[in-house]
Amino acid sequence: MYQISEKEEKFLKSLAEAFGPPGFEIDPIKIVKEYLRDIADELKHDNLGSLAAFKKGGSEKPTILVAGHSDEVGFMVTEVTKDGYIRFHPLGGWFDQVLLAQRVVIKTKKGFVQGVIASKPPHILKPEERGKVVTIDQMFIDVGATSKKEVEELGVKIGDPIVPWSPFNISPTGKTFFGKAFDDRIGVFVAAEVLKTLKTKNIEHPNTLVSAATVQEEVGLRGASTIAWLVKPDVAIITEVDIAGDVPGIPPHKAPSKLGKGPTIVSYDSSMIPNQRFREFVIQVAEEAKIPYQLSIVPRGGTDGGRIHLFMEGRPCIVIGVPTRHIHSHVSIVHKDDLENAVKLIIEVIKRLDQETVKSFTSF
Ligand SMILES: [Zn+2]
């Protein structure tokens, strides 16, 4: 029913490589807009810049919001030193140990400037210093300049946004994708593919679907508040990356999902306990449609659902995740089958979400 082929791979690549830390999502948003322009019935923005693509089905109500966030973790320039180095502040959560020796790109008024994250070289550290972890406040970005003037001439100034530089690639098996910004361009991709597939395959659905790309999730779920007011959903599905626990050293209860074993239905995260009837409904749909799925929990970390389920008097909401390795770093990995099955599962859910069903989630 749904398959990722060259066109979809190209879309994912362009999303992953687009420049878009929190507050600067204009490039990834433009890509989604272009992709859905001739497919959606209508495209709308909230005033922070989130995008909502509408598709009417057999009945106007209920309104279903399927949302992924378009921002990625990045940084901001805080100082250009007199010697021509750049100090920076994180936008979103970073693990200091993944930063050193990584390439980054700074967006300035004059264009993009490449740099590398560095610190004092180990050769000149005292033996006791060498054993210690280097923290982010001791790091700087080197753009290859020799003076403050030179850096300023490149266009770099305080407040300029920075993201990892990391090209997208596909493994030789064709089954796994490598790239930056998968958190959460993967979710943006899934939400857009759901709408595109319903339209191009002429699939009937008894509701209005709104596929959204939100902004500023990584700094506190900010676009989630404004998109909820724009769309006024009756029910919402958040499309996110889930932390794949199939790497050495993680016990299953910390991160139960594995790459290639299906999308996850998130049972708990630090920002939301999903509507239980809706969650059971999604599980039942996955069983009926014979789509592999995994039950998961995310003990730390929230999603846009944290805000959307609290919209007005409350809305049934669930997170459907794509298991992803190494999130919040320069290179994450996802499995093609999980992406395809996430799109299929959400389509099967949307086909069945009529007004009566959605109402039954909140009748007490
Ligand atoms: Zn995320």
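The values are calculated or read from the model by the stated rules, or taken from the named source; none is laboratory data. These numbers come from a predicted model, not from an experiment. Glycine gets a Cβ as well: all are built from the backbone with ideal geometry, and neighbour counts include every protein chain shown.
One residue alone among His89, His69 is under 25 Å from the mean Cα position of the chain (by Cα), within 30 Å of Gln355 (Cα to Cα) and of a type outside the set (A, V, I, L, M), and that residue is His69. Does Val247 count as in a loop (DSSP other than H, G, I, E, B), β-branched (Val, Ile, Thr) and more than 16 Å from the ligand (Cβ to nearest atom)? Yes; evaluated as a whole, the condition is true for this residue. Annotation note: of Ile350, Ile308, Ile320, the sole residue that is touching a residue at least 12 places away in the same chain (Cβ under 8 Å), within 19 Å of Ala213 (Cα to Cα) and touching a His at 6+ places or on another chain (Cβ under 6 Å) is Ile350. Within region 210-219, identify whether any single residue is crowded, with 19+ Cβ neighbours inside 10 Å, away from the ligand (no atom under 16 Å from the Cβ) and at pLDDT 95 or above, and answer yes or no. Yes - at least one qualifying residue is present in region 210-219. Please verify whether Ile31 is hydrophobic (A, V, I, L, M, F, W, C), surrounded by fewer than 19 Cβ atoms within 10 Å (Cβ to Cβ) and modelled with pLDDT of 95 or more, treating the condition exactly as stated. Criteria not met by Ile31.
Where strands (runs of 3 or more DSSP E) fall entirely within region 106-196, those with at least 3 residues that are surrounded by fewer than 20 Cβ atoms within 10 Å (Cβ to Cβ) are at 111-118. Listed here are the helices (runs of 4 or more DSSP H) enclosed by region 271-364 that have at least 3 residues being within 16 Å of the ligand (Cβ to nearest atom): 305-308, 336-352. For region 280-325, residues that are of a type in the set (Val, Ile, Thr) and under 20 Å from Thr63 (Cβ atoms) total 7. Every condition in (1) in contact with a Pro (Cβ under 6 Å, 6 or more places away or on another chain); (2) over 28 Å from Leu221 (Cα atoms) holds for Val113 except the one numbered (1). Apart from one condition, Gly49 fits all of (1) within 25 Å of Trp165 (Cα to Cα); (2) over 18 Å from the mean Cα position of the chain (by Cα); (3) not in a strand (DSSP E or B); the exception is (2).
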